[in-house]
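Novice: The structure is given below, and queries will be raised subsequently.
A short reminder: the numbers here are calculations on the coordinates, not readings from a lab. What you see is a predicted model, and the numbers here were worked out from it, not measured in a lab. Quick reminder, even Gly has a Cβ in these numbers, built from the backbone with ideal geometry, and neighbours come from all protein chains shown.
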Amino acid sequence: MRRLIRLAIALLPALAALCSGAVFAQQSACRPDGMQPTAGVATPYCLVYDNDGRERMGGRARRIIGYFTGWRTGVDGSPRFLANSIPWNKITHINYAFAHVDDANRLSVGNESDPQNPATGLQWPGVAGAEMDPEYSYKGHFNLLNKFKKQYPHVKTLVSVGGWAETGGYFAADGTRVASGGFYSMTVTAGNQVNQAAIDTFADSAVAFVRRFGFNGVDVDYEYATSMNDAGNPLDWSISNPRRAALMRGYVALMKTLREKLDAASVQDGRYYLLTVAAPASGYLLRGMETYQVVQYLDYVNIMSYDLHGAWNEFVGPNAALYDDGRDAELARWGVYTTPQYGGIGYLNTDWAYHYFRGAMPAGRINIGVPYYTRGWRNVSGGTNGLWGTALQTSGCPVGLARCGQGAVGIDNLWHDTELQAEVPAGSNPMWHARNLQQGILPSYLAAYGLDPVNDPQDALTGTYTRYYDATLVAPWLWNAQKNVYLSTEDEQSTTVKADYIAGKGIGGVMIWELAGDYAWHPSRRGGQGEWFMGTTLTDIYHQRFQSAAPYGNRRYATSAAAGVLDATVTVGEFDLGDSNYPISPKIKIVNNSTTTIPAGALFEFDLSTAAPANWTNWSGATLSVVSTGHTGSNIGGLDGDFHRARLSSSWNALPPGGSLEVELVYYLPMTAPGNFTVTFGGSTYALRDATNAAPPADSIFRNGFD
């Protein structure tokens, strides 16, 4: 018996190792394709993902992510939108907007013990459905979110950090903005070094925050870690511009650290924590963000495929067009359509932004952003019913801008954003207000937003708002010819087309900014005459169209026929900065980590996103040719395929074990990193280890050290 006991004790380490290996193997099967695993951590992916790496969402095939903002509390007399207003049975995720980075580099919503803090202190006595749950020590929105999650356990909540106004600072309790540096100074020092100590502090605080308030993860809305000068909020330029050279490095370090710390917490808590971002859709911003390599640390990306046009400049166009039409006035002004290197591809539309990110990740890890608000201009001249007209202003522009557009005001700017506590003319309205304008209804809520149509002509309902729709763009708008006012909108027609686009391409789902802008007809309002007000009309369409959708796409690439996987890593780096990065010309470096010599004359092939035309070249003496083309010509009505296939050949020397090859790749529109590398020699083709550490084909036989 003693011998048996001693034998069992001796076998315990081996059994433990075997069990640990089994856990790692099981969890790896659930890990989404292309997501970087945290080394040495058995992250419990299977708590949230199935064996094919698709997110478990209570039987829902696609995501419907709604941003829920903390400021529509009703305490100022304007209409409130609380957690009881959320269509819980139609959505899959809620992003609470916003938390911020505080002066000590911690994730914060301000003084959590303040009874007036919307997130943790406010109460709404007498409001049905807004009663506090006594289980929680805190009040406010966070209490109500957790209260409703008990009833709708399939809905995940994430705390979103940053946003346009709080990327480089935050709002104090009295409403003044503190220019603390936010993400900019938290990630990068004044000496342009990665601020790892501050990043660690922030990431630790993020873990503590989601644990304390019951969130399922963190959403980072950092606007923007780009090397393009004067990007993001002009109030932040004094902090961000001197750091432009290091912002992307800091962003990568931040997301890597968050991923690692959230994964470690997931193991400790037995509860998987999501990490997501709100990503820009503009080709100009993405040009300064290298290959947006943070995607390897994310569960999914929410593309901000809105604000593609707005009154920050004079070019009048759609807020969130699905496609390009070859007539975008802003792109035409800068010669995009006539410059041969761009290939006629317009980059201010949803489809282009989707294909940019599709180059880096499976369709199912991408969500398309849609606006439930308008953008608009006044005094528009030219164009067709305002579309592609101009509305230039050269004085009185927002801080930092010498010229801008004449943004719509008064009754055409109900959700008036403020800057330094002054209204920003922007034509910003919830969709329910746009519907009232379209039908000539003077609504009952104007006074609640500070409008006085009796005494202020700008607040009065004048002229006729006629709806127009462009099927090529998939964009509706309202045009008031009497006032020369243009308001870009969304409605049932555009929403149905976008829902079918998402379903048809295997995209993960939709992200909504913000839920409070959706509409429905309320017959009892306005003294029984009825008016449009908050509702779920557009969200209902996404919910209904997604119910019959197939499972989303879960693979970055189709499995290619290969003799095996050769352990050779690929990196892309050495990007030029800002305006100096045109054409874009980073270096691709291939390092042979295997024990096999890659002989001279071997052919390397790889995929490149169709977000850029297939006219890339190199300045390294090698030959870069096109194997296959995923799209040719302009992108009017959308890009055809996801990838081009390129071949790299030369008379370089053999690559022995440890040897490397470096090629300067030159292209003219931004795209994510090349991938799906193969090398052919000796009559066989081998896959290379992908830069995003995507899993190799299951039938690989020539691993040679591949992990």
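Novice: Using a Förster radius of 56 Å, what is the FRET efficiency between Gln421 and Ala264 based on their Cβ-Cβ separation? Nearest 0.05, please.
Specialist: 0.85
Novice: Report, in whole Å, the centroid distance computed from the Cα atoms of region 474-506 and region 77-109.
Specialist: 26 Å
Novice: Which whole-Hz ³J(HN,Hα) couplings does region 441-447 yield from phi under the Karplus relation 6.51 cos²θ - 1.76 cosθ + 1.60, θ = phi - 60°, glycine and proline marked x?
Specialist: Taking θ as phi minus 60°, the curve returns 9, 7, x, 7, 9, 4, 4 Hz for region 441-447.
Novice: Name the aspartates and glutamates eligible as straight-distance cross-link partners of Lys505: C-alpha to C-alpha under 12 Å, and not fewer than 8 places from it in the same chain.
Specialist: Answer for Lys505, where 12 Å is the Cα cut-off: Asp351, Asp640, Asp642, listed by chain and number.
Novice: Let me ask you something else. Do any of Lys90/Lys150; Lys150/Lys261; Lys156/Lys256 go past 19 Å between their Cα atoms, and which?
Specialist: Lys150/Lys261; Lys156/Lys256, as the Cα separations exceed 19 Å there.
Novice: Which of the DSSP-defined H helices in the chain satisfy a minimum axial length of 15 Å, computed from C-alpha atoms, and a minimum mean Kyte-Doolittle hydropathy of -0.5?
Specialist: Helices passing the filter in the chain: 2-30, 196-213, 247-269, 492-504.
Novice: Take every Cα pair under 8 Å in the chain that's 6+ residues apart, average their separations, divide by the length, and report that relative contact order as a whole percent.
Specialist: Once divided by the residue count of the chain, the mean separation gives 13 percent.
Novice: So what J values fall out for region 388-404 if you push phi through Karplus, 6.51 cos²θ - 1.76 cosθ + 1.60 with θ = phi - 60°, rounded to Hz, Gly and Pro as x?
Specialist: 6, x, 9, 8, 7, 9, 10, 8, x, 7, x, 3, x, 10, 7, 9, 7
Novice: Going by amide H atoms built from the backbone, whose H comes under 5 Å of the H on Val370, apart from near neighbours?
Specialist: Those qualifying (amide H under 5 Å, at least 5 residues apart or on another chain) are Met511, Ile512, Trp513.
Novice: Which of these values of semi-axes √(5λ) of the Cα gyration tensor in Å was calculated from the structure shown: (1) 43, 33, 23; (2) 58, 31, 24; (3) 49, 26, 23?
Specialist: Among (1) 43, 33, 23; (2) 58, 31, 24; (3) 49, 26, 23, the one calculated here is (1).
Novice: log10 I(q)/I(0), Debye, Cα-only region 518-630, no solvent, q = 0.12, 0.15, 0.17, 0.24 Å⁻¹?
Specialist: So the normalised log intensities are -0.74, -0.93, -1.07, -1.49.
Novice: Can you show me the helix-derived [θ] at 222 nm for the chain, built from DSSP H runs with n ≥ 4 at -39,500 (n - 2.57) apiece and divided by the number of residues, rounded to the nearest 500.
Specialist: Taken over the chain, the calculation gives -6500 deg cm²/dmol.
Novice: Please compute the net charge surrounding Tyr306, taking Lys and Arg as +1 and Asp and Glu as -1 over other residues with Cβ under 10 Å from its Cβ.
Specialist: Here the count lands on -1.
Novice: Tell me the trypsin sites (Lys or Arg not before Pro) within region 372-443 that lie in a loop according to DSSP and have at most 16 other beta-carbon atoms within 10 Å.
Specialist: Passing both the DSSP loop test and the Cβ count: Arg403.
Novice: Tell me, what HN-Hα J-couplings in whole Hz come from the Karplus equation 6.51 cos²θ - 1.76 cosθ + 1.60 at θ = phi - 60° for each residue of region 52-65, using x for Gly and Pro?
Specialist: So the Karplus estimates, Gly and Pro as x, are 9, x, 9, 5, 7, 9, x, x, 7, 7, 9, 7, 10, 9 Hz.
Novice: Normalised by the number of residues in region 208-294, what is the relative contact order in percent for Cα pairs under 8 Å and 6+ residues apart?
Specialist: Rounded, it is 42 percent for region 208-294.
Novice: Order 451-462, 474-485 from most to least packed using the mean count of other Cβ atoms within 10 Å.
Specialist: Descending packing order for the listed peptides: 474-485, 451-462.
Novice: May I ask you to sort His644, His631, His355 by Cβ crowding, counting other Cβ atoms within 10 Å and putting the fewest first?
Specialist: His631, His644, His355
Novice: Normalised by the number of residues in region 268-319, what is the relative contact order in percent for Cα pairs under 8 Å and 6+ residues apart?
Specialist: For region 268-319, the relative contact order is 37 percent.
Novice: Check Ala426: other-chain or 5+ apart residues with amide H under 5 Å from its amide H, H built from backbone geometry?
Specialist: Correct list: Ala408.
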